[in-house]
Amino acid sequence: MLPDRESRRAAAYENAPLEDLLTVILRQWKRPLAAHQLQFTDAGAAQMAAAIVRREPDPRLPALSTALQSLVAESEALLAGWNLTFAQSLDAEMSAIPDWESTAEFLETAERKTNAELRISTGAALLVAIGEKAYAPFLAALVERGVIDLDSAIARRVLLFASGVDSNNSDWLEAVKQWYTK
């Protein structure tokens with residue numbers, strides 16, 4: 001049996017250069033970051049990603065960190081308004097989310113929930129990659145679900161990169177947790 005498309009894409013992300021993954025994520029954040037006065041081109045995203053992976057200074061990284069922290073907090077607040085943490089939201093059925101009755105309201109609420117989860121996961125990935133290990137628990141939550149998808153593949157890659165834990169370590173996630181709780 002062939003693996004499903006999502007699993008194949010997740011496997012591709014497991015093998016893609018981390019710099020390329022971070023470039024794609026940064027490009028996805030261009031519009032929200034522009035609202036925080038952080039504007040860059042696709043080439044600029046690639047330059048920032050390269051600096052992150054090489055652990056080189058880039059004058060835009062402090063502003064990136066500040067903006068991402070704010071945007072992740074906004075998404076956390078949205079989920080908290082439904083009495084959900086990020087980890088809870090990942091598995092929450094829409095029936096657990098209040099305040100929608102019509103199909104249009106359902107779709108709008110589902111989109112807001114999904115966008116909040118995506119912003120938290122990708123924002124945390126960038127933040128952890130640039131050294132903000134306080135956001136690592138978000139990535140660990142993605143991995144711990146046991147779902148093999150793009151988000152968990154990126155989370156795993158970034159956690160291993162940032163922590164320096166060997167990917168061949170059979171207990172790598174526990175080692176990563178020790179790293180981020182120090």
For the range 126-141, what are the residues that are open to solvent by less than 50 Å² (accessible area, probe 1.4 Å) and within 19 Å of Ile52 (Cβ to Cβ)? Leu126, Leu127, Val128, Ala129, Ile130, Tyr135, Ala136, Phe138, Leu139
Restricting to the range 96-109, what's the tally of residues that are under 22 Å from Ala141 (Cα atoms) and not in a loop (DSSP other than H, G, I, E, B)? 1
Would you call Glu111 within 26 Å of Ser65 (Cα to Cα), of a type in the set (D, E, K, R) and surrounded by 12 or more Cβ atoms within 10 Å (Cβ to Cβ)? no
Residues of the range 88-97 that turn out to be buried (at least 18 other Cβ atoms within 10 Å of the Cβ) and among the small types (Gly, Ala, Ser), as a count: 1
Go through (1) open to solvent by less than 50 Å² (accessible area, probe 1.4 Å); (2) of a type in the set (Val, Ile, Thr); (3) farther than 15 Å from Asp151 by Cα and name the single condition Thr41 misses. (1)
Any idea which residue in the range 145-173 is modelled with the lowest pLDDT, counting only those that are of a type in the set (Asp, Glu) and either open to solvent by less than 50 Å² (accessible area, probe 1.4 Å) or assigned to a loop (DSSP other than H, G, I, E, B) (or both)? Asp149
Kindly evaluate Pro59 against the criterion of being without any contact (Cβ under 8 Å) to a residue 24 or more places away in the chain and either acidic (Asp, Glu) or within 17 Å of Leu26 (Cβ to Cβ) (or both). yes
Subset of the range 152-182 (residues that are under 18 Å from Arg55 (Cβ atoms) and touching a Pro at 6+ places or on another chain (Cβ under 9 Å)): Tyr180
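The values are calculated or read from the model by the stated rules, or taken from the named source; none is laboratory data. None of these values were measured; they are calculated from a predicted model. Glycine also receives a Cβ, built like all others from the backbone with ideal geometry; neighbour counts cover every protein chain displayed. Only protein heavy atoms, including side chains, enter the accessible area calculation; ligands, DNA and RNA are left aside. Shrake-Rupley method; radii C 1.70, N 1.55, O 1.52, S 1.80 Å.
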